[in-house]
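Please read the structure below before turning to the comments.
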Amino acid sequence: MKELFREYDSKPFLYNVNTPDFQSFVTKLPEETMQKIKFDSFEFFKQAVQAANLTLKVEPSQAYGILSALLSTINAKETLAVTCDYFAVFDRMADILVSSIFE
């Protein structure tokens, strides 16, 4: 999670869905394609958990949602950076959340 967050930080196009280019791309996709992308992301998450031999303490959909929300904090990095080290904040949240999601 920590490495993924840092990768997102270094490549804003991975998470910034408000750019004109991204919006243009998304509006050209059929609705069923968007639903497939969302479903495939969740399925990939479940496969990754299984491949890593991790045991969830919560329902898979909740774990996916929590970790997705955690990664979405990258959108607040500019606000956080004014008062603190946003990497340290993310790392601390990841440590707490991951230990509460996985055995």
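The values are calculated or read from the model by the stated rules, or taken from the named source; none is laboratory data. Just so you know, these numbers come straight off a predicted model, no measurement behind them. Cβ placement follows ideal geometry from the backbone for every residue including glycine, while neighbour counts extend to all protein chains displayed.
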Practice problem: Just name the residue that is modelled with the lowest pLDDT out of those in segment 34-63 that are among the hydroxyl-bearing types (Ser, Thr, Tyr) and more than 13 Å from residue 98 (Cβ to Cβ). | Solution: 41
Quiz item: Which of the residues that make up segment 66-103 are without any contact (Cβ under 8 Å) to a residue 12 or more places away in the chain and within 14 Å of the chain's Cα centre (by Cα)?
Solution: 68, 69, 76
Exercise. Assess whether residue 31 counts as being modelled with pLDDT of 90 or more and exposed (fewer than 13 other Cβ atoms within 10 Å of the Cβ).
Key: no
Quiz item: Among the residues of segment 35-58, which ones are surrounded by fewer than 13 Cβ atoms within 10 Å (Cβ to Cβ) and touching a helix residue (DSSP H, G or I) at 6+ places or on another chain (Cβ under 9 Å)?
Solution: 41, 55, 57
Quiz item: Going by the structure shown, is residue 73 at pLDDT 95 or above and hydroxyl-bearing (Ser, Thr, Tyr)?
Solution: no
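Mind checking which helices (runs of 4 or more DSSP H) fall wholly inside segment 57-103 and carry at least 1 residues that are touching a Lys or Arg at 6+ places or on another chain (Cβ under 9 Å) and of a type in the set (A, V, I, L, M)?
Fully inside segment 57-103 and qualifying: 60-71, 86-101.
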Practice problem: Could you tell me which residue of segment 67-100 is farthest from residue 4 (Cα to Cα), considering only residues that are surrounded by 14 or more Cβ atoms within 10 Å (Cβ to Cβ) and among the hydroxyl-bearing types (Ser, Thr, Tyr)? | Solution: 86
Quiz prompt | Complete set of residues in segment 13-28 that are farther than 30 Å from residue 92 by Cα, among the polar types (S, T, N, Q) and surrounded by 10 or more Cβ atoms within 10 Å (Cβ to Cβ) | solution = 23
Quiz prompt | Extreme residue, nearest to residue 69 (Cα to Cα), among residues of segment 1-48 that are assigned to a helix (DSSP H, G or I), free of Cβ contacts under 8 Å to residues at least 24 places away in the same chain and among the hydroxyl-bearing types (Ser, Thr, Tyr) | solution = 41
